[in-house]
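Contents: one structure, followed by commentary.
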Amino acid sequence: MQLGNGDDFVFDLGIGSLRNYNSFSIPLNSIDHVFFTHLHMDHMSDLAYFLMFRGFMGGWEPLHIYGPSGSEPQYGTSHMVKHMLEMTAWHRDSFNGFPIGKGYDPVVHEFDFMEEGGVVYDANGVKITHWPTSHTKDGASSYRLDWNGRSVCMTGDNRPNSLTITHCKGVDMLISEVQNAAISLSSQALGMPAAMTANTIDTSHTPAYGLGYICKEAKPKVCVGTHYSYDDVFNNETVAQVRHHWKGAFAFGAPDLVTFNISGDGKVWWREGVAGDSSQTPRPTFKTPTIKFPAPRHPVYDVINDKIEANEIPPEKWYPKGHMPELVREWPLSKDIEIPNPFATPPE
């Protein structure tokens with residue numbers, strides 16, 4: 001969610017998220033706040049990659065991570081991040097030979113998953129609240145973001161929940177997962193036993209009839225269904241199920257890159273996003289007049305054994321004569337350095 005005031009927020013970071021951000025040329029260091037609805041891997045598996053390379057791509061200040069506690073400490077967001085950092089120990093120490101700053105020192109904001117309407121973020125006119133929801137295990141949450149008279153709910157995965165109606169009344173946009181309730185159709189398409197499909201949905205997810213009911217009661221300007229197999233096999237039937245209760249604006253949060261805008265007068269419109277067939281990793285963006293490059297924590301070759309280093313083939317043997325550049329074998333500065341930002345907006 002890009003608010004237009006310089007604040008960007010990410011809600012869940014499942015596999016493929018970073019590929020999509022890259023295709024839209026969104027710099028990794030422009031994202032400082034990531035919120036998790038729950039800790040299933042399809043909602044947070046890109047976090048490790050994001051955190052490890054955000055610091056390398058100019059994200060030199062800590063990433064703020066927000067997420068629910070669990071029924072026991074080992075099931076909470078803090079525990080997950082702590083052990084993710086342990087898992088990436090080799091990566092982090094190897095990259096500490098480059099300017100990383102505090103990029104590997106995330107700040108975790110774990111909140112009580114049972115709190116109803118708790119405030120998890122309140123700054124720069126942005127307020128984000130949360131409430132508990134039912135999804136496979138204690139520790140799943142939903143969010144509402146309010147800013148400048150506009151509002152969005154992001155429910156994550158859950159069974160139809162009365163608290164969603166309570167906290168999302170009249171929002172500009174209500175984003176919920178949706179599942180097709182025609183179990184036989186899903187089973188045939190996916191090759192799964194009908195009982196397995198039904199049990200998964202009936203214990204953990206929101207059928208399209210349920211989403212239609214929630215939107216009928218909450219009355220958002222637009223109801224959005226996501227976490228969904230966007231396929232012609234399902235789409236018509238899913239829309240028909242939503243329409244049983246909800247007659248207002250409805251859209252799928254699909255295909256990938258679909259883009260929604262909430263304008264200043266509260267109108268909502270959407271379109272399929274357009275991205276190039278290929279793109280470079282977007283360059284970092286800095287909003288300050290100067291850029292402060294942090295010094296590495298150690299030179300690269302301090303953590304490579306001398307015998308291993310000695311096995312490197314001398315560059316003189318493989319660079320063409322006259323083409324070998326001046327080699328930069330370690331970061332030339334041992335202290336932070338501040339330089340003018342060449343991409344900063346010049347003063348008027």
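Each reported figure results from applying straightforward, stated rules to the coordinates on display, with no laboratory input. As the structure is a computational prediction, the values presented were derived from the model and not from experiment. Cβ coordinates were reconstructed from backbone atoms using ideal geometry, including for glycine residues, and neighbour counts include every protein chain displayed.
Summary table
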{"item": "Equivalent-ellipsoid semi-axes of the chain, from the Cα gyration tensor, Å, largest first", "result": "42, 23, 21"}
{"item": "Nearest-20 debye value, the chain charge dipole, Cβ charges on Lys, Arg, Asp, Glu", "result": "640"}
{"item": "Those lysines that a straight Cα-Cα span of less than 24 Å connects to LYS317, excepting residues fewer than 8 apart in one chain", "result": "LYS307"}
{"item": "Most positive-pole-ward Cα, MET80, TYR319, THR259, against dipole of the chain from beta carbon charges", "result": "THR259"}
{"item": "Computed helical MRE - 222 nm, the chain, DSSP H runs ≥ 4 contributing -39500 (n - 2.57), nearest 500", "result": "-7000 deg cm²/dmol"}
{"item": "Of LYS137/LYS267; LYS102/LYS127; LYS102/LYS321; LYS127/LYS219, those spanning more than 31 Å from alpha-carbon to alpha-carbon", "result": "LYS137/LYS267; LYS102/LYS321"}
{"item": "Pair-distance profile P(r), taking every C-alpha pair of the stretch 1-152, with 5 angstrom steps and integer %", "result": "2, 9, 19, 21, 21, 16, 9, 3, 1, 0"}
{"item": "Dipole axis of the stretch 9-92 (+1 Lys, Arg; -1 Asp, Glu on Cβ), positive-most option in MET52, ILE65, THR37", "result": "MET52"}
{"item": "The stretch 194-258, dipole about Cα centre (Lys/Arg Cβ +1, Asp/Glu Cβ -1), debye to the nearest 20", "result": "420"}
{"item": "Residue (of GLY118, CYS223, TRP131) at the positive-pole extreme of the stretch 9-272, dipole from beta-carbon charges", "result": "CYS223"}
{"item": "Whole-angstrom Cα spans of the stretch 290-340 along principal axes, big to small", "result": "40, 30, 10"}
{"item": "Cβ charges +1 (Lys, Arg) and -1 (Asp, Glu), total dipole of the stretch 154-247, debye", "result": "420"}
